[in-house]
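Undergrad: Questions regarding the structure given below will be posed in turn.
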Amino acid sequence: MRPPPLSLYVHLPWCVRKCPYCDFNSHTAGADAPRQRYLDALLVDLEQEAARAAGRHIETVFLGGGTPSLFSPQEIARLLRGVNSLFQVADAAEVTMEANPGTVECGSPAGYQEAGITRLSIGVQSLNDAALKRLGRIHNRDDAVRVARECHAAAFDSFNIDLMHGLPGQNVRQALDDVQAVIELEPAHISWYQLTLEPNTVFFARPPQDLPAEDTVYEIQEKGALLLADAGYRQYEVSAFARDAQVCRHNVNYWLFGDYLAAGAGAHGKLTADNGIYRYRKAANPQQYMMAMEAGDGDVAMNPVAGGEILFEFMLNSLRLSDGFDADLFVARTGLDVGRLEAAMGPACEKGLVARDAESRWRPTDLGRRFLNDLQASFLPHDA
């Protein structure tokens, strides 16, 4: 199998406060986070990841969390200097960093841009102060507006705003007000997704009693998507909208079943080799992770992905894209033959969940996007 494009994900695990809906590997620390020690560990980890890259170019870098904007621009610059010294980073690489409007005062957007960040992803979630309080966020509407304006002032041409809907107590008008308010901030990209109650979260253990009904959420999605389209945002993925084709290249690499290296506590990686596809992950606990790196014990198990799992994982990702995928890409990225694809797509096609735009291109239909979870689950291995 020929290796696909390669990305790098770096996890920075600390937050000021753990949000009640968050199931990411994030830990409360704030100003007490051992940032320098963690950066030292990351640089050791990145050196080991560089060996996995084996000279392949890095097309995108993503600093996720947690809250990476707890780290100052000077600290982010140190991290990115390490990345650039260890890897062959493409000249036009996209370098994204997640930021929280309540912590970006650790450094201005201009400071992060100078450090080497080319794209900021700002976790706004809502521009309604009452909703933000219910979500456990540490910022308010004014903070979010200020950061967006600072991104424009710094000529950050590509920045994303994360926005949620289906919030406790939210009606259709409030949700659409949020969408319109974010449109008026003029980000290049908007990630707009429904609040879900994930296991191991406070909201899962104690669900809010006033979540919108399913038909209300559907109305929000339909009307919100129209608002975004009218403002020039194309929905290229189930929860991603971009102006002027400024898609998130890092996420597109995930969705097209590309490869990605993983550095940091709890980070996951995927690599394609001649003899198959492998996944691996780093220790999730930041203390255990740092101790392992300090001891030079960074070995991780490379777990092969079986044929049935490969098909499911490809569909899990690629069917999120509005334009779907080409059969040639399926063969190149999975190592499976086109007959396997044809057999797998048949039942979903009969149910009207997927359609063929051309002889070799498949995409989810409107019905398939509405019932995406069911569509994806239909490709689970029979023994799963």
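Undergrad: When a/c is below 1.5 the answer is rounded, else prolate if a/b is larger than b/c, else oblate, so apply that to the range 307-384 with a ≥ b ≥ c taken from the square roots of the Cα gyration tensor eigenvalues.
TA: oblate
Undergrad: So for the chain: antiparallel DSSP bridges make up what percent, rounded to the nearest 5?
TA: Counting only bridges with both partners in the chain, antiparallel ones make up about 40 percent.
Undergrad: As I understand it, the dipole of the range 6-253 uses +1 on the Cβ of Lys and Arg and -1 on the Cβ of Asp and Glu, about the Cα centre. Which of Val252, Leu167, Pro68 lies farthest toward its positive end?
TA: The Cα lying farthest towards the positive end belongs to Pro68.
Undergrad: Return the distance in nm (one decimal) between the two label points of a simple spin-label model at Lys351 and Gln74, each offset 7 Å from Cα along Cα→Cβ.
TA: 5.6 nm
Undergrad: May I pose another question? Sum up the charges of everything whose Cβ sits under 13 Å from the Cβ of Ile58, counting Lys and Arg as +1 and Asp and Glu as -1, but leave Ile58 out.
TA: Summing Lys/Arg as +1 and Asp/Glu as -1 gives -2.
Undergrad: Which trypsin sites (Lys or Arg not before Pro) in the range 255-317 sit in a loop by DSSP (not H, G, I, E or B) and have at most 11 other Cβ atoms within 10 Å of their own Cβ?
TA: Passing both the DSSP loop test and the Cβ count: no residue.
Undergrad: Using a cut-off of 15 Å between beta-carbons, work out the net charge of the residues near Glu222 (Lys and Arg +1, Asp and Glu -1, Glu222 not included).
TA: -1
Undergrad: Next up: Fewest Cβ neighbours within 10 Å first, please rank Phe204, Phe71 accordingly.
TA: So the ranking, lowest neighbour count to highest, is Phe204, Phe71.
Undergrad: How far apart, in nm, are two points set 7 Å out from the Cα along the Cα-to-Cβ line at Asp142 and at Met1?
TA: My value for the distance between the label points is 5.3 nm.
Undergrad: Using a Cα-Cα cut-off of under 20 Å, which aspartates and glutamates could be cross-linked to Lys18, ignoring same-chain neighbours fewer than 8 residues away?
TA: Within the straight-line cut-off, Lys18 pairs with Asp32, Glu98, Glu105, Asp129, Asp143, Asp162, Glu198.
Undergrad: Give me the Kirkwood hydrodynamic radius of the range 142-185 in Å, from all C-alpha pairs, to one decimal place?
TA: 11.6 Å
Undergrad: Tell me, what is the Rg over Rh of the chain, with Rh the Kirkwood radius over Cα pairs?
TA: 0.95
Undergrad: Taking 0.36 nm per residue of separation and subtracting the Cα-Cα distance, what length does fully extending Ala295 through Arg361 add?
TA: Gain on stretching Ala295 to Arg361: 18.9 nm.
Undergrad: I want the local charge near Asn25. Using Cβ-Cβ distances under 12 Å, sum +1 for each Lys or Arg and -1 for each Asp or Glu among the other residues.
TA: With Lys, Arg at +1 and Asp, Glu at -1, the net is +2.
Since every read-out is calculated from the coordinates, none of them should be taken as a lab result. Just so it is clear, the model here is predicted, and its values are computed rather than measured. Positions of Cβ are generated from backbone atoms using ideal geometry, with glycine treated the same way; all protein chains shown enter the neighbour counts.
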